[in-house]
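Before any comments, here is the structure.
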Amino acid sequence: MMVRDLASLAARRGSLMLLSLLLNGAFLQVCTAQAQQVSGVGPISRYQGHGLRLEIQALAGDQIRAFMLGRGFSSADADWVVANGCIFRSQIGNQAQSAAAPTVHIALNDWEVHPVKPSQDKAKPKPLWTREKWQAIWARRPVPEGAKIAFHWGLFPTRQSHAPADYNWGFLSFGLPAKSRFDLTIRWQVAGQTFTHHLKGLVCGE
C-alpha cells in the first residue's frame, strides 16, 4: 500500500494517530535518504577485508549546517556541531556476495578515536559520539523534537548486522574540534571472530 493510500485510509477513518505515525514515518525516510546523498569534501578512506566493506569521508562545515538548518536546528546548534562533532559520511557493510557467507556484526562502541597531537604525544583513545551520546547532548539543549529525530536517523546505527552484499549509509561523529587530526581503530565480528583495522591520518572538516 502506498503512502497516499494510507493517508486516504486514515482520513476516512478519522484516525489522527494513524495519520501522524504515517507522516512521521515518511518524514524519517526522507531524512535518511537525504543523509545518504551527502558527499564529503575530504579524502575518501576505504577498507575491504575479512567480510567488511567501509568507506568514510569528512563533511565540510557548510554541508553540516545545510543539513541541520533544513531540519529545524538553530544556527547556534549547527555551528556547535561543526565546531565539536567532527562529522563524516559513511558506507559500511558486508563485502561478500555469496549468500552462504557469514554475517558481519558492527558495534560502534568498540571503535576508538585516537587524536593526533601537534607534539606527537599519544592521546588517550576516545569513543565515537553515537546516537545515544547525541541523545544526551540534545537533552541539554532546547532543540525541537523533530530536529532531534531527523539527526538521530541520519547517524549510522550504533549496532548493526549485515548479511552478504548488505550495507548501510549514515553519519559518523568522532567528537573532535574542527580540523583535528586523528587515527581510527575499527572493529567488527564475523563468525565469532573479532577483526581490527586502523585508519591513519583522518582530518575533521571545518
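The values are calculated or read from the model by the stated rules, or taken from the named source; none is laboratory data. Quick caveat: nothing in here was measured; it's all calculated off a predicted structure. Positions of Cβ are backbone-derived with ideal geometry, glycine not excepted, and every protein chain shown enters the neighbour counts.
Residues that are surrounded by fewer than 18 Cβ atoms within 10 Å (Cβ to Cβ) and under 22 Å from P127 (Cβ atoms) within region 59-83 comprise W80, A83, listed in sequence order. One residue alone among A76, A83, A99 is closer than 30 Å to T194 by Cβ, of a type in the set (A, V, I, L, M, F, W, C) and out of contact with any Leu (no Cβ under 8 Å at 6 or more places or on another chain), and that residue is A99. The strands (runs of 3 or more DSSP E) falling completely within region 154-206 that include 1 or more residues that are closer than 20 Å to V82 by Cβ and either in contact with a strand residue (DSSP E or B) (Cβ under 8 Å, 6 or more places away or on another chain) or at pLDDT 95 or above (or both) map to 167-173, 181-190, 193-203. For S20, the conditions (1) surrounded by 14 or more Cβ atoms within 10 Å (Cβ to Cβ); (2) part of a helix (DSSP H, G or I); (3) modelled with pLDDT under 95 are fulfilled apart from (1). Restrict the check to region 105-120 and report whether at least one residue is in the same structural domain as S75 (by TED's automatic domain parsing), among the small types (G, A, S) and closer than 20 Å to S45 by Cα. Yes, region 105-120 contains a residue that is in the same structural domain as S75 (by TED's automatic domain parsing), among the small types (G, A, S) and closer than 20 Å to S45 by Cα. Residue count for region 95-112 under the criterion of being buried (at least 23 other Cβ atoms within 10 Å of the Cβ) and in contact with a Gly (Cβ under 7 Å, 6 or more places away or on another chain): the result is 1.
For (1) closer than 19 Å to K126 by Cβ; (2) in contact (Cβ under 8 Å) with a residue 12 or more places away in the chain, each residue gets a yes or a no:
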| position | (1), (2) |
| --- | --- |
| K148 | no, yes |
| H152 | no, yes |
| P157 | no, yes |
| H162 | no, yes |
| A165 | no, yes |
| G170 | no, yes |
| G175 | yes, yes |
| S180 | yes, yes |
| T196 | yes, no |
